[in-house]
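The structure appears below as structure tokens.
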Amino acid sequence: MRDVAALAGVSLKTVSRVVNDEPGVSPEVRDLVAAAVARLDFRPNLAASNLRRTDARSGLVGALVQDLSNSFSASLLRALEDAARSRGTAVLAASLDEESEREVALVHDLMTRRVDGLILMPASARHDYLVAELRTGTPAVFVDRAPRGVDVDSVVIDNVAGARAATEHLLAQGHRRIAALLDMESISTAALRHQGFTAAHAARGLRPDPRLVVHNLRSPEESTEVLHAMLSLDDPPTAVFTGRNILSVGAVRALAERGQRREVALVGFDDFPLADLLDPPLTVVRQDVARIGATVADLLFDRIDGDTAPPRHIVLTPTLVQRGSGEIPPYGRTRSA
């Protein structure tokens, strides 16, 4: 900054005001300083600047999601980045991979970096460990999964309603043997989606066949293997509900390998790229990820700006998107039967 001040012929304080976009500097002087900054390729030390600022903001927010490679997490992060960029804020992101110890360690790391706020898609069952962190005044917003043990803002979807709508859609086509491929039972969203699957059956006086309901599937490969085994039963499923997009990928692969893409109905929870280009296109329960991300960002930045209202818990409703795979009738029946 001293070099910039000397080249521009102004005081160090004037350079500081220009760099930090503070008032009290004429346009002509700003142009002089800007030219010196460009000529010297000056980059302000944000860490040092933040230590001197009265609002103690770092211009950073942390976002911890389950898997950055997953299309849901990636789309959510993009929506957060768009909102943060408009605020001159950067996003530090990392994957949790359903590891609670990793979550606690990463939250601590972000807090030591003085992030202005935290967005968390938790892996842990309880979140009491955040109490000490929240006492510092750093706001947190939970996304996808509700907080337990702390009361902070959250944005989730109605997982029960989404899974129930998917299952009711298959039941309405005449299916009675519907398989469910689900994520880990310990994950709240997976448990709620199983609840919706079961509730749809119960409303019709039915019970799912336990042999057709499999939990704790973590990859497309596991989903493929399990569905192959189900379709080899003497009384195989005529339809499949998958509780997560990567499980849908595995189910599609199994059906394709058996040449049954147009024989077995399939509805997946969560959309993913190219799902609409499959043959037949995949029917899904879609979450409006852009809306989720924008809502989370609004809550977080309101808190950063000083909002002290009681925590808000927002529940959004997903949408069943019919594309073709979920409208396949049971074996031996036509669509009009």
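The values are calculated or read from the model by the stated rules, or taken from the named source; none is laboratory data. What you see is a predicted model, and the numbers here were worked out from it, not measured in a lab. When we count neighbours, we look across all protein chains shown, and the Cβ atoms used for this are built from the backbone with ideal geometry, even at glycine. Protein only, heavy atoms only, side chains kept; ligands, DNA and RNA dropped before computing areas. Shrake-Rupley method; radii C 1.70, N 1.55, O 1.52, S 1.80 Å.
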| Surrounding net charge for Thr224, when Lys and Arg each add one and Asp and Glu each subtract one, Cβ distance under 9 Å | -3
| request: Using the Karplus curve 6.51 cos²θ - 1.76 cosθ + 1.60 with θ = phi - 60°, work out ³J(HN,Hα) for each residue of the stretch 173-178 in order, rounded to whole Hz, and write x for Gly and Pro. | output: 7, x, 6, 10, 10, 10
| request: For Glu222, tell me the accessible area in Å² from a 1.4 Å probe, rounded to the nearest 10. | output: 70 Å²
| In the chain, with Lys and Arg counted as +1 and Asp and Glu as -1 at Cβ, which of these residues, Gly174, Ser73, Asn20, has the Cα nearest the positive end of the dipole, that is, farthest along it? | Gly174
| request: Any chance you could check the Cα centroid distance between the stretch 64-98 and the stretch 101-162 for me, in angstrom? | output: 14 Å
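Leaving out ligands, DNA and RNA, and with a 1.4 Å probe, what % of the accessible surface on the chain is carbon or sulfur?
Numbers: 8240 of 16280 Å².
Reported share for carbon and sulfur atoms: 51 percent.
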| Chain lengthening between Ser69 and Asp235 when straightened (0.36 nm per residue, less Cα-Cα) | 56.1 nm
| task | State, to one decimal in nm², a quarter of the convex hull surface area for the C-alpha atoms of the stretch 91-185, i.e. the direction-averaged projected area. | result | 7.5 nm²
| field | Measure of compaction for the chain (Cα Rg per 2.2 N^0.38 Å) | value | 1.27
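Taking R0 as 51 Å, what FRET efficiency do you get between Asp97 and Glu28 from their Cβ-Cβ distance, rounded to the nearest 0.05?
Details: r = 54 Å, r/R0 = 1.06.
Result of the calculation: an efficiency of 0.40.
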| query | If you find the alpha carbon centre of the stretch 249-296 and of the stretch 2-27, how far apart are they in angstrom? | reply | 55 Å
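So what is the calculated 222 nm ellipticity per residue for the chain, using -39500 (n - 2.57) for each DSSP H run with n of 4 or more, over all residues, to the nearest 500 deg cm²/dmol? Don't jump to the answer; show the numbers that get you there.
Details: 12 runs with 140 residues, N = 337.
Taking each H run of at least 4 residues, the total per residue is -13000 deg cm²/dmol.
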